[in-house]
1. Is it the case that D148 is acidic (D, E), more than 13 Å from the ligand (Cβ to nearest atom) and farther than 18 Å from L14 by Cβ?
2. Output the qualifying pairs, or none if there are none: Cβ atoms under 9 angstrom, residues six or more apart or on different chains, first residue in region 60-86 and more than 16 Å from V120 (Cα to Cα) and in contact (Cβ under 8 Å) with a residue 60 or more places away in the chain, second residue outside any helix (DSSP H, G or I) and basic (K, R).
3. Please work out if A92 is open to solvent by 10 Å² or more (accessible area, probe 1.4 Å) and under 29 Å from R226 (Cβ atoms).
4. Would you confirm, using the coordinates I've provided, whether R208 is surrounded by fewer than 19 Cβ atoms within 10 Å (Cβ to Cβ), modelled with pLDDT under 95, out of contact with any helix residue (DSSP H, G or I) (no Cβ under 8 Å at 6 or more places or on another chain) and not polar (S, T, N, Q)?
5. Looking only at region 130-141, decide whether some residue is within 20 Å of A35 (Cβ to Cβ), crowded, with 21+ Cβ neighbours inside 10 Å, in contact (Cβ under 8 Å) with a residue 24 or more places away in the chain and in contact with a helix residue (DSSP H, G or I) (Cβ under 7 Å, 6 or more places away or on another chain).
6. Kindly indicate the residue of region 228-240 that is in contact (Cβ under 8 Å) with a residue 12 or more places away in the chain and farther than 12 Å from R185 by Cα and also most open to solvent (accessible area, probe 1.4 Å) among those meeting that condition.
7. Would you check if V258 is of a type outside the set (D, E, K, R), buried (at least 23 other Cβ atoms within 10 Å of the Cβ) and at pLDDT 85 or above?
8. State yes or no: is E171 in contact with a His (Cβ under 6 Å, 6 or more places away or on another chain) and either free of Cβ contacts under 8 Å to residues at least 24 places away in the same chain or open to solvent by 50 Å² or more (accessible area, probe 1.4 Å) (or both)?
Amino acid sequence: MKDVWSVSATSRSLRAFGEELAGLQAAQTGGSFTALPEADLLIRNSPEAFLLGVLFTQGISAERAWAGPYLLEQRLGHLDLRRLAVEEDAVAAAVAGPPALHRFVHTVPQWITSAARRLVSEYGGSAAEVWRPGSHVLDVTRRLLEFDGIGEKKAAMAVEILMRHFGVQLEGAECGSVAYDVHVRRVFLRTGMVDRDTPQAVREAARRACPESPGTLDLAAWLVGRDWCRPRAPLCDSCRLGGVCPRLTDRNAEGVGVRASQSSGRNSSPDSSLG
Ligand code: SF4
């Protein structure tokens, strides 16, 4: 049975892990999104590629998703937004392959074309303008939500990566949150941080655990969920939270998540999936 002490100890432990990860990321020049160094380099150096990567993060493994922009560039010979905005057939063919760059071969190309048009028409062809330094977290989130293929979950993930991984200076970190991802949800449920699997419950729990920057918990919870707190046969004894977690392993998160991971089972819906 969980108790108040164990829940609060688990929250503190998760928060400490998140702060540790944030420190590590700040100290690094990069970080690994994919197994392809060239793809990682592109994601780190090109805001446009990062935004396209966010579009790809749906229903496939994170590693495959973040490699998407690089492989798309390889196939097209460019990532020129003005061309992506109008060359719909070429984008669709490049995504379709074979091999396909994504399981949603109809929807993702539409998102790419739509995003390119928006970036050209509203942001002068620069994705970095979407999260220009000094912007408020809520404004960046609102701008991201205007893109087809980006819903609240992806927007929260993107904001956290921008701040934690790329060091983008945004105001209002206290307004950030965790992505409602299947790994995050499973960890919040099994640690007793929430009793209900709803976006509101998860976000409120994150805010309680880290009021000044709830998003600090995002990557930590996701990693715990991916690496230890597996849907079946969780590795509690070696888990980062194993010493304090009440181990409510009969709980599970079902349905749609956000940050693409094959093991998460995130979004098993067909090509019409939501961002
Ligand atoms: S793997 Fe076990 S100890 Fe770790 S978060 Fe999940 S239930 Fe808790």
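The values are calculated or read from the model by the stated rules, or taken from the named source; none is laboratory data. As the structure is a computational prediction, the values presented were derived from the model and not from experiment. Using ideal geometry, Cβ is built from the backbone for each residue, glycine included, and neighbour counts are taken over all protein chains shown. Just the protein is used for accessible areas: all its heavy atoms, side chains included, with ligands, DNA and RNA removed. Shrake-Rupley method; radii C 1.70, N 1.55, O 1.52, S 1.80 Å.
1. yes
2. Sorted first by the residue in region 60-86, then by its partner, the pairs are I60/R103; I60/R266; A62/R259; A65/R259.
3. It is false that A92 is open to solvent by 10 Å² or more (accessible area, probe 1.4 Å) and under 29 Å from R226 (Cβ atoms).
4. no
5. no
6. That would be R240.
7. No, not satisfied.
8. So E171 fits the description; yes.
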